Amino acid sequence: MCPDTPIRVLVVEDDADLRKLILSGLRTRDHTVFECDRAEAALEVLECEEFDILVTDLRMPGMTGLELIKRV
(Lines give C-alpha, C1' and ligand atoms only; values in the text may rest on other atoms or scores of the structure.)
Protein backbone atom coordinates (compact mmCIF):
# COMPACT_ATOMS: atom_id res chain seq x y z
CA MET A 1 0.00 0.00 0.00
CA CYS A 2 1.34 3.40 -0.96
CA PRO A 3 1.65 6.04 1.78
CA ASP A 4 -0.86 8.31 0.01
CA THR A 5 -3.47 5.58 -0.40
CA PRO A 6 -6.29 5.92 2.13
CA ILE A 7 -6.81 2.98 4.43
CA ARG A 8 -10.14 1.22 3.78
CA VAL A 9 -12.00 0.44 7.00
CA LEU A 10 -15.24 -1.49 7.52
CA VAL A 11 -17.02 -0.65 10.78
CA VAL A 12 -19.69 -3.09 12.02
CA GLU A 13 -21.63 -1.74 15.01
CA ASP A 14 -25.32 -2.13 15.81
CA ASP A 15 -25.47 0.93 18.09
CA ALA A 16 -26.07 3.86 15.73
CA ASP A 17 -24.63 6.51 18.08
CA LEU A 18 -21.44 4.57 18.75
CA ARG A 19 -21.07 3.73 15.04
CA LYS A 20 -21.38 7.45 14.18
CA LEU A 21 -18.69 8.32 16.75
CA ILE A 22 -16.29 5.68 15.38
CA LEU A 23 -16.92 6.77 11.78
CA SER A 24 -16.34 10.41 12.65
CA GLY A 25 -12.98 9.65 14.26
CA LEU A 26 -11.80 7.53 11.35
CA ARG A 27 -12.91 10.02 8.71
CA THR A 28 -10.95 12.85 10.34
CA ARG A 29 -7.85 10.77 9.61
CA ASP A 30 -8.71 10.59 5.88
CA HIS A 31 -9.57 6.90 5.95
CA THR A 32 -12.14 5.54 3.51
CA VAL A 33 -14.81 4.19 5.83
CA PHE A 34 -17.77 1.90 5.18
CA GLU A 35 -20.37 0.98 7.76
CA CYS A 36 -22.77 -1.85 8.55
CA ASP A 37 -25.22 -2.22 11.41
CA ARG A 38 -25.04 -6.03 11.56
CA ALA A 39 -22.58 -8.82 10.79
CA GLU A 40 -24.72 -10.37 8.07
CA ALA A 41 -24.71 -7.09 6.13
CA ALA A 42 -20.92 -6.90 6.53
CA LEU A 43 -20.54 -10.34 4.93
CA GLU A 44 -22.52 -9.13 1.93
CA VAL A 45 -20.31 -6.06 1.57
CA LEU A 46 -17.17 -8.19 1.95
CA GLU A 47 -18.21 -10.27 -1.06
CA CYS A 48 -17.78 -7.20 -3.28
CA GLU A 49 -15.30 -4.96 -1.49
CA GLU A 50 -11.84 -5.34 0.05
CA PHE A 51 -10.78 -3.65 3.27
CA ASP A 52 -7.54 -3.14 5.12
CA ILE A 53 -9.18 -3.12 8.57
CA LEU A 54 -12.35 -4.58 10.07
CA VAL A 55 -13.66 -2.95 13.27
CA THR A 56 -16.54 -4.88 14.79
CA ASP A 57 -18.70 -4.94 17.87
CA LEU A 58 -18.55 -8.30 19.62
CA ARG A 59 -22.13 -8.47 20.91
CA MET A 60 -24.74 -7.90 18.23
CA PRO A 61 -28.11 -9.47 17.49
CA GLY A 62 -27.84 -12.44 15.16
CA MET A 63 -24.21 -13.16 14.33
CA THR A 64 -21.65 -11.95 16.87
CA GLY A 65 -18.55 -10.02 15.96
CA LEU A 66 -16.39 -13.02 16.84
CA GLU A 67 -18.40 -15.22 14.46
CA LEU A 68 -17.96 -12.54 11.79
CA ILE A 69 -14.19 -12.52 12.27
CA LYS A 70 -14.07 -16.31 11.99
CA ARG A 71 -16.07 -16.20 8.74
CA VAL A 72 -13.88 -13.46 7.28
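A simple spin-label model places pseudo-atoms 7 Å from Cα toward Cβ; at R29 and D4 they are separated by 2.2 nm.
Mean residue ellipticity at 222 nm, helices only, the chain: -11500 deg cm²/dmol; runs of at least 4 DSSP H residues each add -39,500 (n - 2.57), and the sum is divided by the number of residues. The residues of region 2-72 have, on average, 69 Å² of accessible surface per residue, using a 1.4 Å probe with all protein chains present. Out of the total accessible area of the chain (probe 1.4 Å, heavy atoms of protein only), what percent is carbon and sulfur? The value for the chain is 52 percent carbon and sulfur by accessible area. Shown is the FRET efficiency for A16 and C48, computed with R0 = 22 Å from the Cβ-Cβ distance and rounded to the nearest 0.05: 0.40.
The values are calculated or read from the model by the stated rules, or taken from the named source; none is laboratory data. Given the structure is predicted, the values throughout are model-derived calculations rather than measurements. Positions of Cβ are generated from backbone atoms using ideal geometry, with glycine treated the same way; all protein chains shown enter the neighbour counts. All accessible areas refer to the heavy atoms of the entire protein, side chains included, with ligands and DNA or RNA removed. Shrake-Rupley method; radii C 1.70, N 1.55, O 1.52, S 1.80 Å.
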